[in-house]
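**Q** After the structure tokens below, expect a handful of questions from me.
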Amino acid sequence: EVLDEPIGLLHQPAEIERIPDIHELIESDESWYEEVKHVRKDGSMLDALLSIHPLDLNGQTCFLGVSVDISERKQRERALEQLHDSTRDLMAATTAEEVAMIGSETAAQVLDQSINGIHLYDAGEGALVPVVWTDDSEELLDGPPPALPVEDSLAGRVYRTGNSESYADLTNQTDRFDAETPFRSEILLPLGDHGVFIFSSTVTDRFGRVDKMLAGVLAANIETALD
């Protein structure tokens, strides 16, 4: 489909200007590397590492262009930078509720996790009590999240063990607290002795490796702020 089309088909106009003249490149017999944004067929952008290598092919001077998709890496780098910025706000908070609010907003805005909530341990109730949750969470639950028992819930197990857990399909977890939950996949992260941070989704297998890594970084920052 792209035969006989100009190479600019893959690039935004501003990116085309950054690509050196191909004839000069071939004559110099040098390779060229640069991070660029490719344009997909649907018009969306793709972060890529582009390398161009001159070569002789059966006596004809040609070049080989190789693009490596680095979208995941760039997404991780951008999110980590934003998480670093949010850490200052977390450390400046003066109450546990304020820390929780900043943490939840960061998860929604920076990590694009619009269904999340933080439960803190309440010794009086002996349970993990919700202190902050997103509007999407409340809409799906048709109200505020419930308090979660420490001894009889997935979140309670994460709180007791201090080990984060993720579930690609909650319907496979017979020990889940709410059998009728609208959520299908979750990440649960411990916040030390303070409570748990829960990321949820209405689709199965929603959370990938980068999601889990970034969620862990944010949870560690929240725990430090709570301490």
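The values are calculated or read from the model by the stated rules, or taken from the named source; none is laboratory data. Quick caveat: nothing in here was measured; it's all calculated off a predicted structure. Heads up, the Cβs are rebuilt from the backbone with ideal geometry, glycines too, and the neighbour counts pull from every protein chain shown. Surface accessibility is based on the protein's heavy atoms, side chains included, excluding ligands, DNA and RNA. Shrake-Rupley method; radii C 1.70, N 1.55, O 1.52, S 1.80 Å.
**Q** So which residues in region 135-187 are touching a helix residue (DSSP H, G or I) at 6+ places or on another chain (Cβ under 6 Å), farther than 14 Å from residue 205 by Cα and outside any loop (DSSP other than H, G, I, E, B)?
**A** Of everything in region 135-187, those that are touching a helix residue (DSSP H, G or I) at 6+ places or on another chain (Cβ under 6 Å), farther than 14 Å from residue 205 by Cα and outside any loop (DSSP other than H, G, I, E, B) turn out to be 148, 149.
**Q** Please enumerate the residues belonging to region 38-56 that are outside any loop (DSSP other than H, G, I, E, B) and either out of contact with any strand residue (DSSP E or B) (no Cβ under 9 Å at 6 or more places or on another chain) or not aliphatic (A, V, I, L, M) (or both).
**A** 38, 47, 51, 53, 54, 56
**Q** Taking region 193-219 on its own, how many of its residues are of a type in the set (A, V, I, L, M, F, W, C), loosely packed, with under 14 Cβ neighbours inside 10 Å and either more than 19 Å from residue 134 (Cα to Cα) or touching a residue at least 24 places away in the same chain (Cβ under 8 Å) (or both)?
**A** Residues meeting the conditions: 1.
**Q** Looking only at region 85-96, decide whether some residue is under 21 Å from residue 136 (Cβ atoms), open to solvent by less than 30 Å² (accessible area, probe 1.4 Å) and touching a residue at least 40 places away in the same chain (Cβ under 8 Å). Break it down into steps so the answer makes sense when it comes.
**A** In the first step, residues of region 85-96 are kept if they are under 21 Å from residue 136 (Cβ atoms); the result is 86.
If we keep only those that are open to solvent by less than 30 Å² (accessible area, probe 1.4 Å) too, we end up with 86.
Retained after the next criterion (residues that are touching a residue at least 40 places away in the same chain (Cβ under 8 Å)): 86.
So far as region 85-96 goes, yes, one or more of its residues are under 21 Å from residue 136 (Cβ atoms), open to solvent by less than 30 Å² (accessible area, probe 1.4 Å) and touching a residue at least 40 places away in the same chain (Cβ under 8 Å).
**Q** Same structure, new question: If I filter region 124-137 down to residues being charged (D, E, K, R) and closer than 17 Å to residue 112 by Cα, which single residue comes out as least open to solvent (accessible area, probe 1.4 Å)?
**A** In this case the residue turns out to be 136.
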